[in-house]
Amino acid sequence: MAASSGDESRRPNPLPSGLVSNLQSVLASRRPPSPEDAGSTAAEAEAPTAETAADDAPAKPVVLLTCAGGIQSPGLVALVDALVKGGRCDVHVCAPESDKPVCGHSITIRETVSATSVHFTGAKAFEISGTPVDSISLALSGRLFSWSAPALVISGINTGSNCGYEMFHSSAIAAAREALMCGVPSIAISLNWKKDETKDNDFKDAAGLCLPLIHAALADIEKGTFLKGCLLNVGVPSSPAANKGFKLTKQSIYSPAQSWQAVSTSRPQPAAHFMGMHQSLGIQLAQLGKDASAAGAARRGNTQRKTVEVESVAAAGKQQAREVVKKSFRAEFLEKLHKDLDDDIDVRALENGFISVTPLNVHGHVESELEAPASDWLSAAVSVSEEKEAPAT
């Protein structure tokens, strides 16, 4: 029996070695872990992976930008760049495809508004064929972006101040007002552009100056302590790098002087240059163009055009001629000198080199009971930003 048992032990295993190894691994995994193994396994389970940590990180607040100067305006580009580099928010942009600075609160109805994606590094952006108010209304509707609502809407950085009664013409203020009417906190930012003094590079400085104010607003919006029922109209002086700091201001009754200038109508170009490749036909069209120009010149004055219309008068049974005069004009805004203004007025603060911050409600002014909370909020926001920017000792 013993010899037989030894012969069986030396008999080769009929199972493949790979299968035997797999069976041994399965059996080992089913054994209860030792206390040392149990402790290390629990520690590994509690340690978060990089992917889990990224998923558990709080989402950044969304900031929606628009600009009355259009999608390619230097102020908008500078503000997008500053916010993206700041890294504290997700930036979305919806702005008109062209400059629309004095549309007021106009909207587009009975016409199609197109939206086209535009590349902005670090931001999602669309240009639309409508007004700045259309931009905010469309973006907040949920049709353009996937989020339900942004934390903050910023209109800017716009070219030219929006002080006093300028706000009624301003598309920049209107866009911020539209957001406020929809229940979203908003800020309008403008650079007090001066011809032959302010440069495009000043928009970058203006964006950097307003960044702490924007970050403070986002922090208080998250805590629910941001100002209620008003937007902030922020004006940056014409030389941002030489500013004297932030100043809470009141809306002035300033209104720019408006001047109307008569302009002459332009004559159509001759048709010959369109047919340069077809000489004979081009000559014929050129002659037709000359004849048409001569006939038009006979009917048109330098600055006006007279049209004679014939009306039928049934009662008298006669025809009566009526002369219609058409003239063309262009409006221009002229700066006015400001005298005897309080230093706390928006336009005076800008002229003195301060960054003006004016709270406005949807009606264009601020209630007296909001002045103290607005002053306290601005003081706190500025002091916090100064502490963060102060070098460590």
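Listing for the model above:
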item: Mean Cβ count within 10 Å, highest first, over the residues of peptides 174-185, 224-235, 81-92; result: 174-185, 224-235, 81-92
item: Karplus-derived 3J(HN,Hα), 6.51/-1.76/1.60, for each residue of the range 243-249, Hz, glycine and proline x; result: 5, 9, x, 7, 8, 6, 10
item: Nitroxide proxy distance, nm - points 7 Å out along Cα→Cβ at Lys223 and Ser148; result: 2.4
item: Sites Ser117 and Met181, calculated FRET efficiency, Cβ-Cβ separation with R0 22 Å, nearest 0.05; result: 0.25
item: Environment charge of Pro185, counting only residues whose C-beta is closer than 13 Å and scoring Lys/Arg +1, Asp/Glu -1; result: 0
item: Around Ser155: net Lys/Arg minus Asp/Glu count, Cβ-Cβ under 10 Å; result: 0
item: Heavy-atom SASA rank of Glu127, Glu369, Glu351 (probe 1.4 Å, accessible area, largest first); result: Glu369, Glu351, Glu127
item: Efficiency of FRET from Cβ geometry, Val325 and Lys244, R₀ 45 Å, rounded to 0.05; result: 0.25
item: Local net charge near Gln261, Cβ-Cβ under 11 Å (Lys/Arg +1, Asp/Glu -1); result: 0
item: Phi-based couplings in Hz for the range 342-347 (Karplus 6.51, -1.76, 1.60; Gly and Pro marked x); result: 5, 5, 8, 7, 4, 5
item: Amide H contacts under 5 Å for Lys250, placed H, 5+ residues apart; result: Ile345, Asp346
item: Peptides ranked, highest mean first, by Cβ atoms within 10 Å: ranges 68-80, 96-108; result: 68-80, 96-108
item: Prolate/oblate/rounded label for the range 131-234 (Cα gyration tensor, a/c 1.5); result: prolate
item: Relative packing of 161-170, 142-151, which averages over residues the other C-beta atoms within 10 Å, highest first; result: 161-170, 142-151
item: Entries in Lys124/Lys204; Lys199/Lys244; Lys85/Lys247; Lys100/Lys326; Lys100/Lys250 that, when Cα-Cα distance is taken, lie over 23 Å; result: Lys85/Lys247; Lys100/Lys326; Lys100/Lys250
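The values are calculated or read from the model by the stated rules, or taken from the named source; none is laboratory data. Keep in mind it's a predicted model, so treat the numbers as computed, not measured. Neighbour counts run over all protein chains shown; Cβ positions are idealised from the backbone, glycine included. Protein only, heavy atoms only, side chains kept; ligands, DNA and RNA dropped before computing areas. Shrake-Rupley method; radii C 1.70, N 1.55, O 1.52, S 1.80 Å.
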